[in-house]
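Below you'll find the structure, written out as structure tokens, and then a few comments.
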2 protein chains.
Amino acid sequence: MYSIDSRSAIPVYEQLKRQIVLRIVSDRLDEGEKLPSIRELAAALKINPNTVVKTYRQLETDGFVASRKGLGVFISTEARELQGDRNEIFKELTDDYISKAGGLGLKADEIMKGLSDRLKGEIEYDKNE
Amino acid sequence: MYSIDSRSAIPVYEQLKRQIVLRIVSDRLDEGEKLPSIRELAAALKINPNTVVKTYRQLETDGFVASRKGLGVFISTEARELQGDRNEIFKELTDDYISKAGGLGLKADEIMKGLSDRLKGEIEYDKNE
DNA sequence: ACTACTGTACTATGATAGTAATACAGATGA
DNA sequence: TCATCTGTATTACTATCATAGTACAGTAGT
């Protein structure tokens with residue numbers, strides 16, 4: 001389900017956070033759906049429960065999830081509070097992404113396909129265990 | 001030239017490393033070209049020289065650059081052959097892009113549409129053929 | 001020789017990341 | 001009630017990240 005690369009320079013809690021956000025963004029995690037319990041996920045990924053706590057807490061701060069003691073952590077149903085200038089920021093993000101990918105020699109359709117595949121989760125490229 | 005986000009979860013030395021590697025594989029840094037000196041780059045980015053040292057050392061380990069005491073750090077002549085991980089770099093770019101767009105509250109279809117619109121508007125990214 | 005660059009090495013300090021173990025409190029079903 | 005899940009909180013420890021400062025060695029121009 002989720003995968004952690006212990007050798008990555010990206011912190012474990014951040015790797016996990018990104019994977020969960022990706023699933024939410026691409027509707028592979030629905031509103032109200034329950035995430036794995038802290039202990040369960042920690043055991044499955046062979047990481048410390050405290051690290052999962054850190055991920056879940058940040059996701060809650062960002063408004064992606066809501067935790068209920070004794071019950072679990074659930075995908076937020078309420079719309080997240082969005083920044084007013086998010087369109088402008090998103091445009092800058094996109095142009096930066098296009099610029100970098102284009103610099104790598106990728107064509108428009110290749111960029112579109114790469115993003116699409118990742119959003120669909122069809123790419124399970126290994127982070128090398 | 002280079003930019004550092006001190007609030008990012010990705011370590012500073014790794015941010016810098018990725019930006020330099022991206023420039024190399026994007027042919028924006030040529031073989032034999034000299035990188036900024038450690039102290040100069042550290043001052044420009046307002047980071048510690050030791051952090052730049054760490055980046056340069058890892059780049060040398062990876063074969064991208066070669067350092068010469070008293071002279072500087074130069075793009076390795078074999079750096080060209082290391083462009084095999086363009087695909088890996090593109091995946092990193094894509095994950096970063098999705099992560100940031102997701103943080104803005106955008107869903108998959110919105111991201112796809114935004115990218116599509118910007119790609120249609122700007123053809124200049126395509127520097128090939 | 002002198003100066004001013006360059007990379008390199010080292011110690012020290014504080015913040016963050018991650019692990020480990022324990023304990024407490026809310027929810028649920030038998 | 002009791003057992004067992006759930007999130008939460010706390011303390012302790014190790015390793016890494018990043019900073020700061022100092023020192024040493026190689027290169028080049030004057």
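Every read-out reported here was derived from the displayed coordinates using simple, explicitly stated rules and does not represent laboratory data. Worth saying up front: this structure is predicted, and the values here are computed from it rather than measured. No Cβ is skipped: glycine too gets one built from the backbone with ideal geometry, and neighbour counts run over all protein chains shown.
When B:THR61 is tested against (1) within 14 Å of DNA strand D (Cβ to nearest atom); (2) closer than 30 Å to A:ARG28 by Cα; (3) not small (Gly, Ala, Ser), exactly one condition is not met: (2).
Taking first residues from the stretch B:92-105 that are facing chain A (nearest Cβ under 7 Å) and without any contact (Cβ under 8 Å) to a residue 60 or more places away in the chain and partners that are outside any helix (DSSP H, G or I) and among the aromatic types (Phe, Trp, Tyr), the Cβ contacts under 9 Å between residues at least 6 apart in sequence or on separate chains come to B:GLY102/A:PHE64. Exactly one residue among B:VAL12, B:VAL25 is out of contact with any His (no Cβ under 9 Å at 6 or more places or on another chain), away from DNA strand D (no atom under 11 Å from the Cβ) and within 11 Å of chain A (Cβ to nearest Cβ), and that residue is B:VAL25. When each of B:GLU40, B:GLU33 is tested for being more than 14 Å from chain A (Cβ to nearest Cβ), more than 14 Å from DNA strand D (Cβ to nearest atom) and either touching a residue at least 12 places away in the same chain (Cβ under 8 Å) or surrounded by 13 or more Cβ atoms within 10 Å (Cβ to Cβ) (or both), the lone residue that passes is B:GLU33. The single condition among (1) within 14 Å of chain B (Cβ to nearest Cβ); (2) surrounded by fewer than 17 Cβ atoms within 10 Å (Cβ to Cβ) that A:THR51 does not meet is (2).
When the stretch B:64-91 is examined, which residues are found to be within 18 Å of B:ASP27 (Cα to Cα) and within 16 Å of DNA strand D (Cβ to nearest atom)? Steps first, please.
So the first thing to find is which residues in the stretch B:64-91 are within 18 Å of B:ASP27 (Cα to Cα), and the list is B:64-66, B:73-90.
Listed by number, the residues that qualify are B:ALA66, B:VAL73, B:PHE74.
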